[in-house]
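Remarks on the structure that follows.
The values are calculated or read from the model by the stated rules, or taken from the named source; none is laboratory data. Because the structure is predicted, anything quoted here is derived from the model rather than measured. FYI the Cβ positions are ideal-geometry reconstructions off the backbone, even for glycines, and counts take in every protein chain you see.
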2 protein chains.
Amino acid sequence: MSTLIRQSVQRMTGYVPGEQREAADLIKLNTNENPYPPSPKVGAALAALDGAALRRYPDPVCATLRRRIGERHGCGVEQVFVSNGGDEALALCTRAFVENDGAIGYFDPSYSLYPILADIRGVERRPVALGERFEWQMPAGYAAALFFLTNPNAPTGLLYPRATVRAFCERFPGVVVIDEAYVDFAVESCLELALQLRNVLVLRTFSKAYALAGIRAGYVVGSEPLIGALFTIKDSYNVNRFTQTAALAAFEDEAYVRETIARILATRARLSGALERRRFEVFPSQTNFLWAKPAGIAAKTLFEELRKRNILIRYFPGRRTGDFVRVSIGTDQEVDRLLAAVDSVLGRQTAG
Amino acid sequence: MSTLIRQSVQRMTGYVPGEQREAADLIKLNTNENPYPPSPKVGAALAALDGAALRRYPDPVCATLRRRIGERHGCGVEQVFVSNGGDEALALCTRAFVENDGAIGYFDPSYSLYPILADIRGVERRPVALGERFEWQMPAGYAAALFFLTNPNAPTGLLYPRATVRAFCERFPGVVVIDEAYVDFAVESCLELALQLRNVLVLRTFSKAYALAGIRAGYVVGSEPLIGALFTIKDSYNVNRFTQTAALAAFEDEAYVRETIARILATRARLSGALERRRFEVFPSQTNFLWAKPAGIAAKTLFEELRKRNILIRYFPGRRTGDFVRVSIGTDQEVDRLLAAVDSVLGRQTAG
């Protein structure tokens with residue numbers, strides 16, 4: 001081993017994001033991006049941005065955007081933190097709230113970045129196995145310095161009821177980060193917990209409902225001391241000028257976001273029904289993706305066959321996840337092509 | 001103390017960037033920004049960017065930009081890392097190359113972020129005092145896991161000769177990060193050391209010569225194992241779509257950058273002479289700022305008086321730095337207004 005690189009880093013393999021191939025005619029349903037473009041107000045705001053102003057550093061504390069977020073959620077600007085994508089906020093939490101001998105908890109399965117964040121921080125992973133049907137299951141007396149709770153969960157798409165989450169947060173001795181990346185597609189949110197409980201942060205993102213994965217923006221809401229700790233350790237100018245401008249424009253255009261969400265939910269219902277008619281076991285999604293167990297074909301084979309047909313979905317190997325695929329909700333046209341491809345694969349499969 | 005927040009974080013105060021006031025008629029010479037706008041090709045590239053594409057995640061590994069950087073510097077794409085501003089790269093180095101019982105070294109004075117990065121990482125600071133005239137001075141046998149070496153140095157503007165830096169790197173047991181944020185304004189670079197020595201990384205930024213502080217982009221060049229370690233621990237999508245596009249456009253327009261640099265160097269010479277005629281002690285700058293000891297007035301007073309006149313320069317309190325001011329090179333017009341204001345302050349001072 002090299003003596004120059006930290007031992008724990010040499011043992012690691014980093015996070016591998018879903019494939020970001022950019023081919024013509026590619027149907028990309030593998031990273032839960034929004035199939036619709038961002039609000040037209042984003043383009044207008046960016047066009048109005050003075051190019052010469054790029055020579056200046058951005059506002060280091062994103063004051064304008066944070067004030068608007070605080071107003072929407074009914075909290076002060078000191079209770080809002082803006083990050084370079086949700087991932088930056090998650091990583092900052094591991095450095096703000098976990099001592100070197102602490103542990104980081106999360107459900108298994110959930111966002112596959114969490115164990116890697118524990119490795120990067122060089123502290124113990126303390127996963128909690130979900131139930132057989134991926135339902136909430138928490139051992140009595142479970143503790144950690146930090147718990148990452150994706151709600152609705154990924155890759156399962158399931159929503160844990162707020163009452164369950166509240167009861168957990170109220171007795172958990174460390175910080176709970178409720179990662180609400182997909183909450184805009186769900187029937188309820190846990191945001192009030194971040195405003196009421198001193199150990200809870202809620203994380204939101206502009207990558208999904210706001211259709212701005214390309215700009216990297218997320219935000220965290222919570223008690224002032226926890227938010228203050230994130231400010232203390234963040235990079236000086238973590239969010240650039242474009243991102244602050246684009247996020248603000250998208251955030252203000254609530255009507256557009258609502259409309260986009262409604263379209264995605266309609267397509268989600270349609271795709272869910274269509275897969276069920278093909279005897280897939282589809283979990284009740286509260287997100288912009290479906291978690292489903294194919295019928296008549298192994299999940300991995302389906303993933304590979306679709307990939308050959310220029311359709312990317314997500315497959316997570318492993319004991320808990322290897323029988324399932326995760327499919328992002330695309331446009332209706334994309335979903336039609338997906339279903340046709342699934343039929344073609346299953347036909348061959350049956351014939352072969 | 002809270003039991004939720006890491007003890008070392010509770011003891012810290014974060015980095016305080018130079019003031020980012022945005023008032024009309026403000027002369028901002030406090031954060032070493034470029035007084036000229038970025039290349040017009042940046043604006044053109046951004047205008048050509050498809051707004052709808054913002055719904056997609058950016059390229060997680062910045063492949064195109066890294067390839068072009070590698071070509072320019074004569075190294076492979078695996079030897080180049082692109083970061084969300086130089087600061088992100090510095091922070092990543094503290095997590096990639098320093099064990100929990102390791103130490104981080106840097107000169108005192110140099111970039112005031114370094115000790116804070118050591119605090120954030122929760123490891124020992126191991127500063128090395130520069131000589132009386134801020135010249136290179138290194139104790140025999142000095143060691144650390146990581147050494148941050150700003151060259152040319154900030155806030156002093158002095159360049160350490162490459163031969164001196166090479167000799168240090170060749171015998172230093174840890175990783176040396178040569179922070180060349182200001183190298184475009186200097187007569188020589190240490191980039192070849194990053195290509196020849198396995199323990200050396202060179203950091204560059206788009207914030208200064210390329211006039212793109214607002215987009216947050218920096219890059220690191222060095223041996224493949226060190227660069228690979230940064231990739232292992234970085235946030236999944238650390239550099240957004242705009243930033244990759246803008247940085248590439250600016251990087252390709254070498255002629256424009258050269259012209260901008262030439263203008264800044266001419267103004268630097270003029271301001272330096274003008275301050276010397278006012279009996280300021282001006283250090284020979286190899287950067288886009290001057291480090292100077294005012295005559296006939298305390299540095300802090302000059303800073304405050306200029307601030308009242310809507311001119312921001314930088315003042316660093318402390319035993320080593322408290323007698324000096326750091327002045328970014330502005331346009332000729334800004335420098336004229338600065339000099340007039342200095343004369344006005346000195347006049348009152350003399351009268352008062």
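Quickly run through segment B:1-33 and pick out the residues that are outside any loop (DSSP other than H, G, I, E, B) and either touching a Gly at 6+ places or on another chain (Cβ under 7 Å) or among the β-branched types (V, I, T) (or both). Answer for segment B:1-33, where residues must be outside any loop (DSSP other than H, G, I, E, B) and either touching a Gly at 6+ places or on another chain (Cβ under 7 Å) or among the β-branched types (V, I, T) (or both): B:S8, B:V9, B:I27. Scanning segment B:213-266 for residues that are within 14 Å of chain A (Cβ to nearest Cβ) and charged (D, E, K, R), we see that the one that is nearest to the chain's Cα centre (by Cα) is B:R216. Set side by side, the residues A:A145, A:A91, A:A154, A:A118 differ, and just one is facing chain B (nearest Cβ under 10 Å), under 20 Å from the mean Cα position of the chain (by Cα) and small (G, A, S), which is A:A91.
The criterion of at least 3 residues that are surrounded by fewer than 21 Cβ atoms within 10 Å (Cβ to Cβ) and of a type in the set (D, E, K, R) is met by the following strands (runs of 3 or more DSSP E) wholly inside segment A:61-154: A:124-129. Among the conditions (1) modelled with pLDDT of 95 or more; (2) outside any loop (DSSP other than H, G, I, E, B); (3) polar (S, T, N, Q), the only one that A:T321 does not satisfy is (2). Looking at segment A:291-311 only, could you name the residues that are in contact (Cβ under 8 Å) with a residue 12 or more places away in the chain, surrounded by fewer than 18 Cβ atoms within 10 Å (Cβ to Cβ) and assigned to a helix (DSSP H, G or I)? Across segment A:291-311, the qualifying residues are A:K300, A:T301.
Can you find, within segment B:18-44, the residue that is modelled with the lowest pLDDT among those that are under 30 Å from A:P37 (Cβ atoms) and within 7 Å of chain A (Cβ to nearest Cβ)? Looking at the filtered set, the residue picked out is B:G43. Checking each residue in segment B:34-60 for being surrounded by fewer than 20 Cβ atoms within 10 Å (Cβ to Cβ), in a loop (DSSP other than H, G, I, E, B) and under 24 Å from the mean Cα position of the chain (by Cα) picks out B:Y36, B:P37.
Pairing each residue of segment B:45-64 that is more than 9 Å from chain A (Cβ to nearest Cβ) with any residue that is of a type outside the set (K, R), provided the two are 6+ apart or on different chains, yields C-beta distances under 6 Å for B:A45/B:T245; B:A45/B:A249; B:C62/B:V82; B:C62/B:V239; B:C62/B:Q244.
Which residues, taken from segment B:262-290, are surrounded by 19 or more Cβ atoms within 10 Å (Cβ to Cβ), closer than 12 Å to B:G330 by Cα and hydrophobic (A, V, I, L, M, F, W, C)? Of everything in segment B:262-290, those that are surrounded by 19 or more Cβ atoms within 10 Å (Cβ to Cβ), closer than 12 Å to B:G330 by Cα and hydrophobic (A, V, I, L, M, F, W, C) turn out to be B:I264, B:L271, B:F289, B:L290. For the condition within 14 Å of chain A (Cβ to nearest Cβ) and among the polar types (S, T, N, Q), B:Q286 does not qualify. Looking across segment A:1-17 at every residue that is surrounded by fewer than 16 Cβ atoms within 10 Å (Cβ to Cβ) and more than 8 Å from chain B (Cβ to nearest Cβ), the one that is nearest to B:Y237 (Cα to Cα) is identified as A:V16.
Pick out the one residue from A:G76, A:G102 that is in contact with a Gly (Cβ under 9 Å, 6 or more places away or on another chain), in contact (Cβ under 8 Å) with a residue 12 or more places away in the chain and more than 11 Å from every other protein chain (Cβ to nearest Cβ). Result: A:G76 is the single residue among A:G76, A:G102 that is in contact with a Gly (Cβ under 9 Å, 6 or more places away or on another chain), in contact (Cβ under 8 Å) with a residue 12 or more places away in the chain and more than 11 Å from every other protein chain (Cβ to nearest Cβ).
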